[in-house]
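Asker: Take this structure first; my questions come after.
The values are calculated or read from the model by the stated rules, or taken from the named source; none is laboratory data. None of the values given here were measured: they were computed from a predicted structure. No Cβ is skipped: glycine too gets one built from the backbone with ideal geometry, and neighbour counts run over all protein chains shown. Surface accessibility is based on the protein's heavy atoms, side chains included, excluding ligands, DNA and RNA. Shrake-Rupley method; radii C 1.70, N 1.55, O 1.52, S 1.80 Å.
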Amino acid sequence: MIPTTWFLILGAILFSIGVCGVLTRRNGITIFMSIELMVNAVNLTFLAYARQFNQLHGLIFVFFIMAIAAAEAAVGLAIFISLFHHRETIDVDEANLMHW
Amino acid sequence: MFEYLVFFVFAAMAIIFALVVILHRNPVVGALSLVVSFFSLAVMYVLLEAPFLAALQVIVYAGAIMVLFLFVIMLLNLQHRHEPSTRPVQQFLGYTGAAAFLITIVYYIGKYAVYTMPAGPFHADARSIGLALFQAYVFPFEMVSILLLAAIVGALLLSGRAIGHRTGIGTETTEEPAGKAEVSR
Amino acid sequence: MAFDATDIVLSIVKIAIVLSFVLSVTPVMAWVERRGAGMIQDRPGPNRVGPFGLLQPFADALKFLTKEDIIPAQANKLLYTLAPAFGLLPALTTIAVVPWGRPFVIPQMTIGGHVLFTGGRLFEPIIADVNAGILVVFALASLSVYGVTTAGWSSANKYSMFGAIRSSAQMISYELSLAMAALGVLLVTGSLRLSDVVWTQAGSFVLFDTIRVPAWNCFSPGMWLSMVVFIAAAFAETNRLPFDFAEAEAELVAGYHTEYSSMKFALFFMSEYMSMATMSAVIVTLFFGGWGIPWYHVPPTFLGFLLSAIAFLIKICIMLFVFVWVRWTIPRLKYDILMRLGWKVFLPLAIVNLVIVAGFIAKGWI
């Protein structure tokens, strides 16, 4: 039985890596992937607590987060495709207009 | 003992491939490493006694979401595009900020979140998850289905090519993207 | 985790048996496919090497081994090399959750008075009897797309790239139908475990008080739709004709493996047949009673185990022949028809079937 704290620390490390990716990269898709990484780190933390306190609620939350991540991926990638068709780039610094 | 070995190997894999995602310049390599990272997380879920969720993790993240990412990267042919590097100040601030965040959170986990072993076995099979989902959480469940429907409609609307003269969602439009004309305007 | 040395030995034995089966599928199927094509197209097929051309696969293997291994100059070398392994991995691992015989009690074995085996232990012929069985199948099947996409992308070739893009869109679309079609079976079983799926199909039901029909899912009217959808989606998942858009020869040269040669190509070739075998095993388990033998109650002895394993093997062989038969009978669809078929025909049919099965269960007919 591996201590819950280890999973929490792993989640924290992955979350920080995701934060770092969002802050330092300019490629929209990579930023988006970093966000997915952060979401997964949170999932891991939820599940670690769910096992620690022997309750299903954390697990159900992970389930919902997965569904929402799927929705988010679909819409986010559609936004990037749209951006690419209009501006020929997915560099987030170039997406500086509120409309086109 | 065996469990600890599995934990360390896959934790190391998750972290290393997550680092590849944010450091590698090529988005295809990044997406594939993220798949490996997610797969390692699925192994973590198995260690946390939730094999059902581990399978879901692989199906949803590795099997659907990341394939979508790869599909978009390949469709837009992004791997040949040179990504200009971020200004050094911002880069420095980003790395230090993330590191400070990590140190803080690990410090507080070490201070407040050190638990003794959990009391009983954790039952997270399909049956108990289904019961919880359709009894206590039936309203959020329906909300998620509406959200997914909204996401489908939104994705279709956003990725429709010719925004200027669309005749209807899903109909074939002309190959000339209207966006080009609009950009030049 | 409580396991002793005997468990480990038994696991290794099971893995060895399953692996030897999966690995021997490729040479056998290479021969069956080409002779079958010959039979269907009214020509002899390969018949020069050995009797009936039986040694043809070995000649092919020899040829693969001696060919030059080419890596294109523009290719991403690491991914280009890893791609065949990505393709092979899901094909090799999925079979682990499929039960392939009747569990039996191992009798006590003694050699010269020395107790080799303290009997009484139950031998379950399945490598990993996890309680999320069918989900593992879907999870690993969904990973098989990475072999194709990585190969197609890393080759730096237009045709490979098109194959990769097509295949990723196709796999996502058909996976939904695959999972939806399997849901009906799971609803009847009430469990995700594949061994439970087989057990619910054991026995038989009596029709008109005279005819005894095995209680396989393929004989129950609620399952016919989902069986058709599942088998069609399985064809799409394994990239077989009429859905082989990842490698459509007429349009894309050879699709995702255009640039591959030598052993790397052989690995793709192997993984195609292995995933076919795995898919056949899953189809047989879900719809054709798994290791069950019709009109025969399999006893929990070694003989019963052997008979049931052979029955399972025969069913898989029939299913594999259906794969070959369909390949040489039905022409390739157009790509837009494929996508339309997946989203507008198979998926709704699978959902309709789910409703039908739910209605049957509510009425108490199943």
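Asker: Within the group C:Q41, C:Q74, which residue is over 26 Å from the mean Cα position of the chain (by Cα), polar (S, T, N, Q) and surrounded by fewer than 17 Cβ atoms within 10 Å (Cβ to Cβ)?
Answerer: Of the residues listed, the single one that is over 26 Å from the mean Cα position of the chain (by Cα), polar (S, T, N, Q) and surrounded by fewer than 17 Cβ atoms within 10 Å (Cβ to Cβ) is C:Q74.
Asker: Looking at B:A150, is it within 9 Å of chain A (Cβ to nearest Cβ), within 30 Å of A:W6 (Cβ to Cβ) and either open to solvent by less than 30 Å² (accessible area, probe 1.4 Å) or at pLDDT 85 or above (or both)?
Answerer: Judged against the criteria, B:A150 is not a match.
Asker: Give me the residue from the range A:22-44 that is facing another protein chain (nearest Cβ under 7 Å) and open to solvent by 20 Å² or more (accessible area, probe 1.4 Å) and, out of that set, nearest to the chain's Cα centre (by Cα).
Answerer: Taking the candidates together, the pick is A:L23.
Asker: Has the range C:211-218 got any residue that is among the aromatic types (F, W, Y) and in a helix (DSSP H, G or I)?
Answerer: no
Asker: Identify the single condition in (1) assigned to a helix (DSSP H, G or I); (2) open to solvent by less than 30 Å² (accessible area, probe 1.4 Å); (3) of a type in the set (A, V, I, L, M, F, W, C) that C:I126 does not satisfy, given that it satisfies every other one.
Answerer: (1)
Asker: Another one. Anything in the range C:203-228 that is aliphatic (A, V, I, L, M) and open to solvent by 50 Å² or more (accessible area, probe 1.4 Å)? List them, or say none.
Answerer: Answer for the range C:203-228, where residues must be aliphatic (A, V, I, L, M) and open to solvent by 50 Å² or more (accessible area, probe 1.4 Å): C:V206, C:L207, C:I211, C:L225, C:V228.
Asker: Looking only at residues that are assigned to a helix (DSSP H, G or I) and more than 7 Å from every other protein chain (Cβ to nearest Cβ) in the range A:64-91, which one is farthest from B:S159 (Cα to Cα)?
Answerer: Pass one, the range A:64-91, residues assigned to a helix (DSSP H, G or I): A:64-87.
Still in the running and more than 7 Å from every other protein chain (Cβ to nearest Cβ): A:65, A:72, A:76, A:83.
On the way: A:I65: 24, A:E72: 14, A:G76: 10, A:L83: 9 Å.
Once the filter is applied, the top-ranked residue is A:I65.
Asker: Regarding A:F32, is this residue farther than 30 Å from B:Y4 by Cβ, assigned to a helix (DSSP H, G or I) and touching a residue at least 40 places away in the same chain (Cβ under 8 Å)?
Answerer: Yes, satisfied.
Asker: Regarding A:A12, is this residue of a type in the set (G, A, S), within 7 Å of chain B (Cβ to nearest Cβ) and surrounded by fewer than 20 Cβ atoms within 10 Å (Cβ to Cβ)?
Answerer: No: the conditions fail for A:A12.
Asker: Pairs, please: C-beta under 6 Å, at least 6 apart or cross-chain, first residue within 11 Å of chain B (Cβ to nearest Cβ) and in the range C:72-93, second open to solvent by 50 Å² or more (accessible area, probe 1.4 Å)?
Answerer: That search, which allows pairs on different chains as well, returns C:Q74/C:A156.
Asker: Please pick out the residue among C:S154, C:S177 that is open to solvent by less than 30 Å² (accessible area, probe 1.4 Å), of a type in the set (G, A, S) and within 12 Å of chain B (Cβ to nearest Cβ).
Answerer: C:S154
Asker: Separate question: Given the condition of a type outside the set (A, V, I, L, M, F, W, C) and without any contact (Cβ under 8 Å) to a residue 24 or more places away in the chain, answer yes or no: does some residue in the range C:207-216 qualify? Steps first, answer last, please.
Answerer: Within the range C:207-216, the subset of a type outside the set (A, V, I, L, M, F, W, C) is C:209-210, C:212, C:214.
Next cut, without any contact (Cβ under 8 Å) to a residue 24 or more places away in the chain only: C:209-210.
Among the residues of the range C:207-216, at least one is of a type outside the set (A, V, I, L, M, F, W, C) and without any contact (Cβ under 8 Å) to a residue 24 or more places away in the chain, which makes the answer yes.
Asker: Which members of the range C:1-33 meet the condition of being open to solvent by 70 Å² or more (accessible area, probe 1.4 Å) and outside any helix (DSSP H, G or I)?
Answerer: Those that are open to solvent by 70 Å² or more (accessible area, probe 1.4 Å) and outside any helix (DSSP H, G or I): C:M1, C:A2, C:F3.
Asker: Looking at B:F52, B:F101, B:F38, B:F69, can you tell me which residue is at pLDDT 85 or above, facing another protein chain (nearest Cβ under 7 Å), surrounded by fewer than 17 Cβ atoms within 10 Å (Cβ to Cβ) and within 21 Å of the chain's Cα centre (by Cα)? Full working, then the answer.
Answerer: Numbers: B:F52 fails: surrounded by fewer than 17 Cβ atoms within 10 Å (Cβ to Cβ); B:F38 fails: surrounded by fewer than 17 Cβ atoms within 10 Å (Cβ to Cβ); B:F69 fails: surrounded by fewer than 17 Cβ atoms within 10 Å (Cβ to Cβ).
Sole residue among the options that is at pLDDT 85 or above, facing another protein chain (nearest Cβ under 7 Å), surrounded by fewer than 17 Cβ atoms within 10 Å (Cβ to Cβ) and within 21 Å of the chain's Cα centre (by Cα): B:F101.
Asker: Say whether the condition of being under 29 Å from B:Y45 (Cα atoms), more than 7 Å from every other protein chain (Cβ to nearest Cβ) and part of a loop (DSSP other than H, G, I, E, B) is met by at least one residue in the range A:45-55.
Answerer: yes
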